[in-house]
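Engineer: I'd like to ask you about the structure that follows.
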Amino acid sequence: MPIRRAVRARVTAAGGALAVVVACAPPPPPVRPEVPESEPDSTWHDAPHKDVNCTTVRTPVEPDLIGLDASARASLDSQRHEGVFVVRYRGHGCDTRIDILPSCTAAGSYAFMPYSATESKVAHGDAELYAEFPLAASRLASRVTGESALRADVMLAGIEAIKAPRTYRVEDLQGDCQGATHVVSKIYVGGFAMAIGNTHGLEARPSLFRGGSTSDDAVILQREGSAKACEEAQEKGAFNPACDVPLRLALLPIPVACDSDSGKCGTVAEALPLGDASAPLASAPRTGDGGAEPAPGGMVHIPGGTFTMGARSRVDLKNDPARRTVTVAAFDLDVTEVTVSDYTACVDRSLCPAAPTDQPTCNYGHADRANHPMNCIDWNQAWAYCHAQGKRLPTEEEWEFAARGGPEERTYPWGISEPSRQLCWSGITKRDGTCPVRTFAAGAYGLYDMAGNVSEWSSSPYSADRKDARVCRGGGWSDARALDFRGAYRDPHAPSNRDSDLGVRCAR
């Protein structure tokens, strides 16, 4: 899925404001960012490359700052020490922009909390470059050519988070907040190193933070933060000023009042028109992988068809359904899993029961997880939510048909290859909870997170001898086995189960 397109990028840091722009349409002449003197002029193109497909470019929910100009990140670093700050964040197609609003503030302050994660991202060509480094892709595009690849090693050693998580509404903001869409709820800090080089040598290198083989021809583009300091910070769970580079943001959408006529609730970002100068994150479903058409209510329409359900791999597992031919009628399915924000709105309308908040991995009641999947709900709560929306739980036949691309009969939502970094799971990066929805690229039919974030309730009983159990599909963040994420894999759960890796997606 090549998505190479020459784009213009602007990274500016002036008056405390940070702006990151990736644009499809030719904008005014850009302010050129700081790049090495050896950076060729081909970084800047006036005409689009023919093989970029902007519909495949996703706007990250938790945007990484890796690869951006250091001065832009320094501007953000300065802003966080002034208190809780507010941004205008939007994306549409290839367009992605974050603007810090220096005159707009929100009540509260940030406090350090330990966090330990070590990640490595590799991009071979522009398709993976836009998937892994969407905010900096245009700045780095000229580097990834031919046999070369781009790699970034990241050591996350802490989070600056709002002390008392809460929901910020428009009326809670102070100052000039025109166009504000999100409050920055967390700043992930640590250190990183980024290099370009031969694909084989780059992937074989143990770490970019230390000297590598002289034969891997890797060229370090950026290295910020001390690796030794980050290791100490991770080990001790303590702040270290030498490992305090802002690397990632968590954004809390600003909600708007519910429409009294329709009962629909939303966010400022969703309310802004996409074609406007302050266009936000696209919230409507797009025609995605598999050719599904958008349907009302945040759903995609999936045409009916016939497929072989329960296709076996080389591993023969008793949890796989018996292999059989199944015909599924056309139906609609939610583009994403039901989010905390969605479920909270249902509770506020007295149509859904409140969920437990006593476990740290349960998302309900955490304002900074509004865009995470709703978890820790049992089958009856899942049914009640879907029913309140005029929807229902999907059958396991419908769920598998959608996850496997219908008649394509994919092994996984993305294809036949075993999972690596296509999903939120503990097999590559050890997770301590769910990921925001839409963090990873869409799979079959343009559906997000059909594997790996939370396993999803279905309406189907597990078996004749276990009529009490319901089938759940998709695997969750805590799973580490690749086989748990196959479209054919089914898992039994008692209707009373409330697990942190168990959620819901509705059908109609």
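The values are calculated or read from the model by the stated rules, or taken from the named source; none is laboratory data. Note that the structure is predicted; figures quoted are calculated from it, not measured. Using ideal geometry, Cβ is built from the backbone for each residue, glycine included, and neighbour counts are taken over all protein chains shown.
Engineer: Tally up the residues in region 165-181 that are at pLDDT 85 or above, charged (D, E, K, R) and not in a helix (DSSP H, G or I), please.
Structural biologist: The qualifying residues number 1.
Engineer: Based on this model, can you work out whether THR214 counts as surrounded by fewer than 22 Cβ atoms within 10 Å (Cβ to Cβ), at pLDDT below 80 and within 27 Å of ARG97 (Cβ to Cβ)?
Structural biologist: Considered against the rule, which asks whether it is surrounded by fewer than 22 Cβ atoms within 10 Å (Cβ to Cβ), at pLDDT below 80 and within 27 Å of ARG97 (Cβ to Cβ), THR214 comes out as no.
Engineer: Something else: Suppose we filter region 434-461 for residues that are on the phi > 0 side of the Ramachandran plot and in contact (Cβ under 8 Å) with a residue 60 or more places away in the chain; how many remain? Spell out the reasoning first.
Structural biologist: Here is the first cut: in region 434-461, the residues on the phi > 0 side of the Ramachandran plot are 438, 445-446, 449, 452.
Narrowing the set further to residues that are in contact (Cβ under 8 Å) with a residue 60 or more places away in the chain leaves 438, 445-446, 449.
Total meeting the criteria: 4.
Engineer: Looking at region 449-457, is at least one residue surrounded by fewer than 24 Cβ atoms within 10 Å (Cβ to Cβ) and either modelled with pLDDT under 90 or within 29 Å of PRO134 (Cβ to Cβ) (or both)?
Structural biologist: So far as region 449-457 goes, no, none of its residues is surrounded by fewer than 24 Cβ atoms within 10 Å (Cβ to Cβ) and either modelled with pLDDT under 90 or within 29 Å of PRO134 (Cβ to Cβ) (or both).
Engineer: Mind checking which residues of region 465-484 are at pLDDT below 85 and either acidic (Asp, Glu) or touching a helix residue (DSSP H, G or I) at 6+ places or on another chain (Cβ under 7 Å) (or both)?
Structural biologist: Once the filter is applied, which keeps residues that are at pLDDT below 85 and either acidic (Asp, Glu) or touching a helix residue (DSSP H, G or I) at 6+ places or on another chain (Cβ under 7 Å) (or both), region 465-484 yields ASP465, ASP468.
Engineer: Is it fair to say ALA127 is modelled with pLDDT of 80 or more and not β-branched (Val, Ile, Thr)? Please lay out each step first, then the result.
Structural biologist: Numbers: modelled with pLDDT of 80 or more: no; not β-branched (Val, Ile, Thr): yes.
Criteria not met by ALA127.
Engineer: Any residue that is more than 30 Å from SER116 (Cβ to Cβ), surrounded by fewer than 22 Cβ atoms within 10 Å (Cβ to Cβ), more than 23 Å from the chain's Cα centre (by Cα) and of a type in the set (A, V, I, L, M) - is there at least one of those in region 459-474?
Structural biologist: Among the residues of region 459-474, at least one is more than 30 Å from SER116 (Cβ to Cβ), surrounded by fewer than 22 Cβ atoms within 10 Å (Cβ to Cβ), more than 23 Å from the chain's Cα centre (by Cα) and of a type in the set (A, V, I, L, M), which makes the answer yes.
Engineer: Now, a different point. If you go through region 182-198 one residue at a time, how many are touching a Ser or Thr at 6+ places or on another chain (Cβ under 7 Å) and at pLDDT below 90?
Structural biologist: So the first thing to find is which residues in region 182-198 are touching a Ser or Thr at 6+ places or on another chain (Cβ under 7 Å), and the list is 191, 196-198.
Filter again for at pLDDT below 90, leaving 196-198.
Residues meeting the conditions: 3.
Engineer: Could you grab the pairs with beta carbons closer than 7 Å, sequence gap of 6+ or different chains, first residue in region 235-249 and free of Cβ contacts under 8 Å to residues at least 60 places away in the same chain and within 12 Å of GLY191 (Cβ to Cβ), second one in a helix (DSSP H, G or I) and of a type outside the set (S, T, N, Q)?
Structural biologist: From residues that are free of Cβ contacts under 8 Å to residues at least 60 places away in the same chain and within 12 Å of GLY191 (Cβ to Cβ), the pairs are ALA242/ALA229.
Engineer: Would you pick out the residues in region 389-410 that are over 23 Å from the mean Cα position of the chain (by Cα) and closer than 30 Å to SER350 by Cβ?
Structural biologist: Residues satisfying the conditions are GLN389, GLY390, LYS391, ARG392, LEU393, PRO394, THR395, GLU398.
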